[in-house]
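Comments concern the structure below.
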Amino acid sequence: MPSPAIELAGTGPLTATGLGLGSNIGDKPGNIARALELLEERGIVQLSAVSSIYRTPPWGYVEQDFFANACAVGQTRLPPLELLAAVNTIENDMGRRKSVRWGPRLIDIDILFLGDTAFAHAQLNLPHKDLFERAFVLVPLAEIAPGLMISGRSIAKAAARFAKEPLEKWEASA
């Protein structure tokens, strides 16, 4: 889904970013696709690669339906908190409602990394603090960026630790 040149919001330098997307309400793959469209339409991120969609078990709060998860990488001009505000606006505009922690959601967009530097704030930590503990993030991210290193760690090697996890690529009939 790499996009043609788009006008990006913000005035900062082009910075590589990675996003994790998930949905377990309604048309799960459709929700992810719509979020990706909105990210580009609004000039938040120019996408360079999008992973397959994976069918994954819930994480954290497990008494809920399975998830569709994917990752995307691209470039943005927004600094961390503005990028967070922009993805939160998309979540809200799509109909996400607050519920229990790690609970059901129409769409969830996590910022996985933004450039090579760490960022710590009450609202956002980069790289994402649970990035290396989540198969549903590492496997799709390694699919599209196997050579990526974050905080000195190989995404591909980290993903290989989860080879036996119950992740499968989404089938159109699923």
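The values are calculated or read from the model by the stated rules, or taken from the named source; none is laboratory data. None of the values given here were measured: they were computed from a predicted structure. Using ideal geometry, Cβ is built from the backbone for each residue, glycine included, and neighbour counts are taken over all protein chains shown.
A quick yes/no check of all residues on (1) of a type in the set (V, I, T); (2) farther than 20 Å from K28 by Cα:
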| site | (1), (2) |
| --- | --- |
| R77 | no, yes |
| L81 | no, yes |
| N88 | no, no |
| R97 | no, no |
| L106 | no, no |
| I109 | yes, no |
| G115 | no, yes |
Top-ranked residue of region 48-106 - restricted to ones that are modelled with pLDDT under 95 and basic (K, R), ranked as nearest to A122 (Cα to Cα):
R101
Just for region 132-144: of the residues that are crowded, with 19+ Cβ neighbours inside 10 Å and without any contact (Cβ under 8 Å) to a residue 40 or more places away in the chain, which one is nearest to A159 (Cα to Cα)?
L138
Is it the case that some residue within region 74-82 is crowded, with 23+ Cβ neighbours inside 10 Å, within 16 Å of the chain's Cα centre (by Cα) and under 18 Å from K169 (Cα atoms)?
no
Out of all the residues in region 110-131, which are closer than 22 Å to S48 by Cα and surrounded by 13 or more Cβ atoms within 10 Å (Cβ to Cβ)?
D110, I111, L112, F113, L114, G115, L126, P127, H128, L131
